[in-house]
1. Would it be correct to say that Glu278 is acidic (Asp, Glu), under 26 Å from Pro106 (Cα atoms), more than 17 Å from the chain's Cα centre (by Cα) and open to solvent by 20 Å² or more (accessible area, probe 1.4 Å)?
2. I'm trying to understand the selection: among the residues of segment 370-396, which are of a type in the set (Lys, Arg) and buried (at least 17 other Cβ atoms within 10 Å of the Cβ)?
3. Residue by residue through segment 321-369, note down the ones that are open to solvent by 10 Å² or more (accessible area, probe 1.4 Å) and part of a strand (DSSP E or B).
4. With segment 185-296 as the region, which helices (runs of 4 or more DSSP H) entirely inside it contain at least 1 residues that are touching a helix residue (DSSP H, G or I) at 6+ places or on another chain (Cβ under 6 Å), modelled with pLDDT of 90 or more and under 16 Å from His96 (Cα atoms)?
5. Of all residues in segment 161-184, count the ones that are assigned to a helix (DSSP H, G or I) and either open to solvent by less than 20 Å² (accessible area, probe 1.4 Å) or among the aromatic types (Phe, Trp, Tyr) (or both).
6. Answer yes if at least one residue in segment 301-318 is in contact with a helix residue (DSSP H, G or I) (Cβ under 6 Å, 6 or more places away or on another chain) and open to solvent by 30 Å² or more (accessible area, probe 1.4 Å), and no otherwise.
7. Would you point out which residue out of Leu242, Leu233 is crowded, with 18+ Cβ neighbours inside 10 Å and over 23 Å from the mean Cα position of the chain (by Cα)?
Amino acid sequence: MSPTLITPPMSQERAQQIAQKFDLRALPAEFYANPFPVYAALRESQPVRRMPDGSYFLTRYNDLVTVYRDAQTFSSDKKVEFTPKYGPGSPLLQHHTTSLVFNDPPLHTRVRRLIMGALTRRAISGMEPGLVALVDRLLDAIAAKGGGDLIDDFAAAIPVEIIGNLLDVPHEERGPLRGWSLAILGALEPKLTPEQHDAGNRAVVEMTAYLRDLVAQRRRQPGDPEHDVLTRLINGEGDEQLSEVELLQNCIFILNAGHETTTNLIGNALVALQEWPEERQALVAKMTGSQGAALEGTLMLAVDEFLRFESSNQLGNRRAVKACEVGGVPLEEGALVTLCIGAANRDPSHFAEPDRLDLTREHNRHLAFGFGIHQCAGLSLARLEGRVAIGRFLARFPDYRLTAAPTRGGRARFRGFLRAPFAVR
């Protein structure tokens, strides 16, 4: 067990002091390293915290589920919230108010149905042999060098290839995808620097230009719609067709959503195993004695615990379209609500010993993929990538070790690492 990662008990007075000072737009540096004591203080004393800007910050599991379930009251449409943030007519505004995740039905329903048609259980199962081959190639390269960086050389390399395959992006053209993704998703932070704003707009422009050419090529030479998500989006379904803007912006969304969160899942997991050596030893021992369905089950429990313990996506957002109440607190019509997934996934009223990494935890109903109509469309694919990547890494390098302190990404919404140097025997 790693005592440094356990949130110590605090007095009610101390919890109130921490909660009262909390402002999502003015976070101290230490918050990015370990936000969980702050989340605990908020859950204890102000679980529905009225922020200085008038929005509300929710940290209890049951309150998040209440909001997720009520899509009629809590809208995912971000036009009201994002127009002042990004500026009217900006590329970031067009992207983030057109993509699947930040929309309500009917656009959300149409796009999700098209994407899910290419992410059936059979289709995802068919991806596993190629994923195993990719992971093994990366592990061979790591073995040849005696180590490397957990993020650049492993965690980030996997989803870029998998999502690139889903949209059939030519291999030689995938180089800029990670940089574009980091810039566009970085612009979702609660408070933007001018540099983040400019980088995000530039990335949307460049990515859109690239995808416009790719779409034109795919129209001339369609792929197999059973496996090629881009061809499915172009073809539409029945009489429903996406406009060119909807098509391009949701291609950007698919590339970004499937990349950053899975990179964080794999990177967070492999770093957490260094911080919890007893859990790592127990997992490796259990893997060694298992095969087939038993091995898969062991790894799936572990993947879901990594997702709960260090949720890749820590924050979600909704807007109340009418006056309502959450957790006993009245919310006015138009209220902006931040859902703290990272706090809900460590709510002691729902998870026993929530600050402990327990890779055998069962009935783990975490909210890392959201809940309700906006639950992550690619959750089965993400779980497959996590299971194969983490499982084969540990089987090959059970004694890997970090050679320097890992570097956090410095973001509140997406929790992951930028660098994590390591060595293998």
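1. So Glu278 fails the test.
2. Arg383, Arg387, Arg392
3. Result: Cys324, Glu325, Val329, Pro330, Leu336, Thr338.
4. Per the criteria, 194-220, 244-275.
5. Selection size over segment 161-184: 8.
6. Among the residues of segment 301-318, at least one is in contact with a helix residue (DSSP H, G or I) (Cβ under 6 Å, 6 or more places away or on another chain) and open to solvent by 30 Å² or more (accessible area, probe 1.4 Å), which makes the answer yes.
7. Going through Leu242, Leu233 in turn, just one is crowded, with 18+ Cβ neighbours inside 10 Å and over 23 Å from the mean Cα position of the chain (by Cα): Leu242.
The rows are residues; the columns are (1) farther than 30 Å from Leu93 by Cα; (2) free of Cβ contacts under 8 Å to residues at least 24 places away in the same chain.
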residue	(1), (2)
Gly238	no, yes
Leu248	no, no
Trp276	yes, no
Ala294	yes, yes
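The values are calculated or read from the model by the stated rules, or taken from the named source; none is laboratory data. The shown structure was predicted, so the numbers you read here are calculated from the model rather than taken from an experiment. Note that we place each Cβ from the backbone using ideal geometry, even for glycine, and neighbour counts take in every protein chain shown. Side chains included, ligands, DNA and RNA excluded: accessible areas come from the protein's heavy atoms. Shrake-Rupley method; radii C 1.70, N 1.55, O 1.52, S 1.80 Å.
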